[in-house]
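Written below as structure tokens is the structure these notes are about.
The values are calculated or read from the model by the stated rules, or taken from the named source; none is laboratory data. In this text the structure is predicted, and so the values were computed from the model without any measurement. Here the Cβ is made from the backbone with ideal geometry for all residues, glycine too, and neighbour counts use every protein chain on show.
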């Protein structure tokens with residue numbers, strides 16, 4: 001049984017809404033590599049709490065406006 005990624009995000013949508021901000025520009029703004037931003041956007045990597053806050057601040061949003069998390073159903 002495949003499970004959904006534990007943390008979802010709206011990073012790509014927010015970058016595009018900000019005039020097509022590049023992954024490289026976001027990476028530079030938060031102090032990570034472009035590859036890290038790509039992995040976070042694709043749900044392949046969950047950012048550190050610090051990186052999540054930095055990303056949210058770049059967009060002027062709260063962390064829960066950028067990232068989502070849904071608890072897995074109880075077994």
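Quick notes on this one:
- The lone exception for residue 43 - which of (1) within 20 Å of residue 16 (Cα to Cα); (2) at pLDDT 95 or above it fails: (2)
- Here is the figure for the stretch 52-73: residues that are outside any loop (DSSP other than H, G, I, E, B) and more than 14 Å from residue 6 (Cβ to Cβ) total 10.
- Pairs, first over 13 Å from residue 38 (Cα atoms) in the stretch 1-16, second surrounded by 15 or more Cβ atoms within 10 Å (Cβ to Cβ) and modelled with pLDDT of 95 or more, C-beta under 6 Å, six or more apart: 7/67; 14/59
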